[in-house]
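Take this structure first; my questions come after.
Values in this text are rule-based calculations from the coordinates and carry no lab data. Keep in mind that this is a model prediction, so the values were computed, not measured. Virtual Cβ from ideal backbone geometry, glycine too; neighbours counted across all protein chains shown.
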Amino acid sequence: MRWSGRVAAVVLLSAGTASMSLTAQQLTLEPRLSFDVVSVKVDTSQTRTPMTWQPGGHFVGSVPVLSFVSIGYLVPVYRIEGLPTWARTQRFLVNAKAKQQPEIEERPAYYRGLLVEHFHFASHVERREMDVYTLTVARTDGKLGPGLRRSDVNCDQAIAEARKRNLSGERPGPPAPGVRPACGAIGGLAQMTAGAAELAPLVNMLAGALGKPVVDKTGLTGRFDIDFRAAPPTGVADGSALATLPPISTALEDQLGLKMQTGRGPVDVLVVDRLEMPTDN
């Protein structure tokens with residue numbers, strides 16, 4: 001995959017949506033839930049429709065099968081093996097209706113049901129040895145870098161309000177330029193800005209950028225304001241603004257006071273045994 005010079009923005013508000021841990025070893029295969037009514041069509045339009053739940057259990061989205069697999073089975077893309085190329089590139093427009101409005105935590109089960117019933121999806125889990133990064137505090141005295149500052153903001157109300165908006169079908173937008181996210185994080189590639197966020201979004205962003213599991217062994221708890229900017233590890237065009245940024249390892253130590261060490265470890269991988277193109281309906 002070749003990164004563009006534009007940062008792909010991702011807004012994360014803790015507990016606002018079903019979370020996906022990029023370092024979790026246990027993959028979620030069950031249960032599966034079925035939509036009452038489903039329409040699946042190959043989408044050849046230029047319009048991109050994000051995965052959205054609307055009031056009354058109505059779901060609509062135009063994304064590749066890869067997205068349903070990753071979110072449905074709570075597994076990052078680099079731990080999915082055996083997907084055909086079309087599952088990563090071809091978008092499918094799904095318009096579906098559940099019997100009732102599902103809880104946020106139930107939504108992945110509907111994606112699993114959609115995959116099995118309409119794409120004849122079958123998979124199994126294999127444990128494989130992979131390169132693993134361990135994230136620790138760099139300094140022996142525990143001092144953190146200027147880009148990682150503790151926050152005492154109480155986010156309970158903000159998280160509850162975000163959950164309510166999510167259930168009502170409202171999609172969060174990015175904060176205004178120059179405004180730090182409140183009780184969440186925005187980032188992409190190898191960059192992140194966060195306000196009163198836990199460390200998990202940073203760990204997940206690093207794992208996504210590196211394409212390998214990152215295990216948090218910093219011992220840091222609570223919430224932080226985070227400012228992190230590094231060059232993506234691959235695919236940066238010469239002369240782009242991203243090419244002038246420091247590599248991830250340097251930025252981690254200089255900006256956040258953290259460091260990563262490489263090693264090997266067992267990681268559960270989702271292996272796709274069967275996947276078929278659906279018949280338009």
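To the nearest 20 Debye, how big is the dipole of the stretch 74-164 about its Cα centre, given +1 on the beta carbon of each Lys and Arg and -1 on that of each Asp and Glu?
240
For the stretch 208-281, state the semi-axes of the equivalent ellipsoid (square roots of 5 times the eigenvalues of the alpha-carbon gyration tensor), sorted largest first and rounded to whole angstrom.
So the equivalent ellipsoid measures 32, 21, 14 Å along its semi-axes.
Full extension from D227 to Q90: what is 0.36 nm times the residue separation minus their Cα-Cα distance, to one decimal in nm? Provide the component values of the computation, followed by the final result.
Working: separation 137, 0.36 × 137 = 49.32 nm, distance 3.49 nm.
Fully extending the segment from D227 to Q90 adds 45.8 nm.
Please work out the FRET efficiency for the pair E81 and E253, using the Cβ-Cβ distance as r and a Förster radius of 41 Å; give the result to the nearest 0.05.
Values: r = 33 Å, r/R0 = 0.80.
Calculated transfer efficiency: 0.80.
I would also like to ask the following. Might you report the magnitude of the Cβ-based charge dipole of the chain about its Cα centre, with Lys and Arg at +1 and Asp and Glu at -1, to the nearest 20 debye?
Value, rounded to 20: 320 debye.
log₁₀ I(q)/I(0) of the stretch 19-139 at q = 0.10, 0.14, 0.15, 0.16 Å⁻¹, via Debye over equal Cα point scatterers, no solvent, to two decimals?
-0.35, -0.64, -0.72, -0.80
Could you tell me the number of lysine pairs in the chain with C-alpha atoms less than 19 Å from each other, where the two lysines are 8 or more residues apart or belong to different chains?
Eligible lysine pairs with Cα atoms under 19 Å apart amount to 5.
Separate question: Can you tell me the Rg and Dmax of the stretch 89-148, counting just the alpha carbons, in angstroms?
Reported Rg and Dmax, both Å: 21.0, 55.
So for the chain, Kirkwood radius off the Cα pairs, Stokes-Einstein at 37 °C and 0.692 mPa s: how many µm² s⁻¹?
So the translational diffusion coefficient is about 163 µm²/s.
Would you kindly calculate the translational diffusion coefficient of the stretch 61-214, applying Stokes-Einstein with the Kirkwood radius from alpha carbon pairs, for 20 °C and a viscosity of 1.002 mPa s, and quote it in µm² s⁻¹ without decimals?
Taking Rh from Cα pairs, D becomes 115 µm²/s.
According to a simple spin-label model (label point 7 Å from Cα along Cα-to-Cβ), what is the distance in nm between A176 and T244?
Using points 7 Å along Cα→Cβ, the separation is 2.7 nm.
Considering only the stretch 80-217, what is the antiparallel percent among its DSSP beta bridges, to the nearest 5?
In the stretch 80-217, approximately 60 percent of DSSP beta bridges are antiparallel ones.
Out of L83, H118, C183, whose Cα points farthest toward the positive end of the dipole of the chain (charges: +1 Lys, Arg; -1 Asp, Glu; placed on Cβ)?
C183
For the stretch 72-126, with only Lys/Arg (+1) and Asp/Glu (-1) charged at the beta-carbon, what is the dipole magnitude about the Cα centre, in debye rounded to 20?
So the magnitude is around 240 debye.
Taking H as built 1.01 Å from N, whose amide H comes closer than 5 Å to the amide H of D43, not counting residues under 5 places away?
Excluding prolines and chain starts, which carry no amide H, the hits are R91, F92, L93.
Right, another one. Run the quick spin-label model on A160 and H124: label points 7 Å from Cα toward the beta carbon, then report their separation in nm to one decimal.
Result for the modelled spin labels: 4.7 nm.
If R0 is 41 Å, what FRET efficiency do you get for M51 and D141 from their C-beta distance, rounded to 0.05?
0.40
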